[in-house]
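*Asks:* One structure coming up, written as structure tokens, with questions to follow.
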Amino acid sequence: MASSKVMASRSPPNPDHPSSPSPFNILHPDQTRGFAASMNIDDMLTNIYSHPDSFAGFMLRDEAAGEPAMTLEDFLAKAGAVTEEDVRLPPTGGFGVGTTMLSAATATRVPVVCVQNGVASGGLGVDFANGVVAVGGGCGRGKRRPAVEEVPLDKATQQKQRRMIKNRESAARSRERKQAYTLELESLVTHLEEENTRLLEEEAELNKKRYKQVKLQIRFTTDFQANKWFIEKIAVSTVKPVVLGSVAHLYGYLDLMENLIPVVEKRRPPRALRKIHSMEW
Amino acid sequence: MIRERNPLVVSGVVGDVLDAFTSTVELRVYSDGRMLCNGCNFRPSQVVAQPRVDIGGDDFRSLYTLVMVDADAPSPSNPCLREYLHWLVTDIPGSTGADFGTEIVSYESPQPSMGIHRLVLGLFRQPRRQMVNAPRGRQNFNTREFSRLHNLGSPVAAVYYNCQREGGTGGRRAFLRCGISVVVVFGVLSLCLGLEEGKVYFRELRRLCGEERVLRVWLGIWVWACEGLLCGIGALSG
């Protein structure tokens, strides 16, 4: 359980942290001097659980509670509070607790606190060369914490920071815009498709009614000189090419006179494929 | 996670400009022959003229008020003049268009200079025929306040579209491009004027664009190139 997790996490090699007697240095600033190298796991655990303010305690409790999102925020709140004060410690410790990893970068004066939540997409700590620490947290729900800033050392970085924030905001706005547009298009698509099917059904029904009502009078007249024949059709309602086609089809079954030229009926073009139910794809 | 599917909410129109509402009346807006849908893009040239607005509803007796505001004036990152009133029409009878109403504030075509602006058209139902005083100015108009003042309640329909400047939204990149083109043009000019004057001009220009570091770098590159060219030509011509 927790102890085994802690054990397992300590065993992965941390070859780049030779100087730390215990990885807890960073996490228990007030207990730094109290730690002995020969402390065993149980003592460690009691220390963790007795310290409500410790990072590790937090994380372990979180794992037990099973709500990484909420407590990640709290953790970051703590992290924000803690890193400002005790950040001057040499960033050499690495410590993993189960799926959450707390590692400190070694690059700069100010350690970068990176929290990677194995479950969610994680939070990140952004570090500036001049020591301004902005910890942005991302939880499973995608919420972002406001930046935690120190007094910037020069105007250029201040400007850079300002620009970055503006860019972030405009990127967010752009995403919102895009999302709104796609939502609108999707709703249009469903609406229009539904209207389309409804209208086609209505049309088919109306046509059916019309075929039943049409009274055809087919007259044949032949022009012997020209050797042509004419078909006249008088319909009660309006004429459609389809109706004519069916009439010609009917004609095919009638007896043809010898000097009559048969009608060649063109096949009606097949109905083009239609897209329906686009939203269910 | 409940995903919001209303484009008006996602884009922030409900929230910044209007309160949450359910759409009860149909509102169709046509501009430049195209029908407006939420979030579509229009260029200022396409919305120069007053759009054609068709309102649904059942009877001529119910009257509606149409408000058109820019939710991102003067720029979305700095909306200090939110909202900018573009158009206000009252006493529109149901199932007719905006032409049949009383125009309180005449239509002003949107001309965004910075960023992409959301232009919102909101439709309110009037309790009765009422005289509405024209607001003092178009800037800092508050639709909520206006609705509350005239007992219009929540909107019955709304639609919005995006509008940005003709040539793109500008910003630092555009500034850069302008700067570079200016330098090139004047470089050519200075070549005609005389090489010494050109060099002096470039030195002045470089001094002037101080703060903007990236811009300075870019301009610096161009200036060095031009200067080098000038020196080269000077050396060649002797």
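*Asks:* Taking residue B:21 as the residue in question, decide whether it is at pLDDT below 90, over 17 Å from the mean Cα position of the chain (by Cα) and either more than 30 Å from residue B:130 (Cβ to Cβ) or not in a helix (DSSP H, G or I) (or both).
*Replies:* no
*Asks:* Name the single residue, out of those in segment B:138-156 being assigned to a loop (DSSP other than H, G, I, E, B) and open to solvent by less than 40 Å² (accessible area, probe 1.4 Å), that is farthest from residue B:81 (Cα to Cα).
*Replies:* B:156
*Asks:* Condition (residue is in contact with a His (Cβ under 6 Å, 6 or more places away or on another chain) and closer than 23 Å to residue B:143 by Cα) applied to segment B:40-62: is it met by at least one residue? Even if it seems obvious, please write down each step before you answer.
*Replies:* Our first condition is that a residue be in contact with a His (Cβ under 6 Å, 6 or more places away or on another chain); within segment B:40-62, this holds for none.
No: zero hits.
*Asks:* Those residues that are outside any loop (DSSP other than H, G, I, E, B) and either away from every other protein chain (no Cβ under 14 Å) or at pLDDT below 90 (or both), I need them from segment B:110-137; list them, please.
*Replies:* B:121, B:122, B:123, B:124, B:125, B:126
*Asks:* Next question. Quick check: anything in segment B:64-73 touching a residue at least 24 places away in the same chain (Cβ under 8 Å) and within 14 Å of another protein chain (Cβ to nearest Cβ)?
*Replies:* Taking every residue of segment B:64-73 in turn, at least one turns out to be touching a residue at least 24 places away in the same chain (Cβ under 8 Å) and within 14 Å of another protein chain (Cβ to nearest Cβ).
*Asks:* Given (1) in contact with a Lys or Arg (Cβ under 9 Å, 6 or more places away or on another chain); (2) within 11 Å of another protein chain (Cβ to nearest Cβ); (3) of a type outside the set (D, E, K, R); (4) open to solvent by 50 Å² or more (accessible area, probe 1.4 Å), where does residue B:24 come up short, assuming only one miss?
*Replies:* Here residue B:24 meets the rest and fails (2).
*Asks:* In segment B:30-46, what residues are under 18 Å from residue B:6 (Cα atoms) and either without any contact (Cβ under 8 Å) to a residue 24 or more places away in the chain or more than 10 Å from chain A (Cβ to nearest Cβ) (or both)?
*Replies:* Correct list: B:36 only.
*Asks:* Residue check: is residue A:167 open to solvent by 60 Å² or more (accessible area, probe 1.4 Å), under 28 Å from the mean Cα position of the chain (by Cα) and modelled with pLDDT under 95?
*Replies:* yes
The values are calculated or read from the model by the stated rules, or taken from the named source; none is laboratory data. Note that the structure is predicted; figures quoted are calculated from it, not measured. Don't worry about glycine lacking a Cβ; one is built from the backbone with ideal geometry, like all the others, and counts go over all protein chains shown. The protein model used for the area step is the full one, side chains on, heavy atoms only, and it has no ligands, DNA or RNA in it. Shrake-Rupley method; radii C 1.70, N 1.55, O 1.52, S 1.80 Å.
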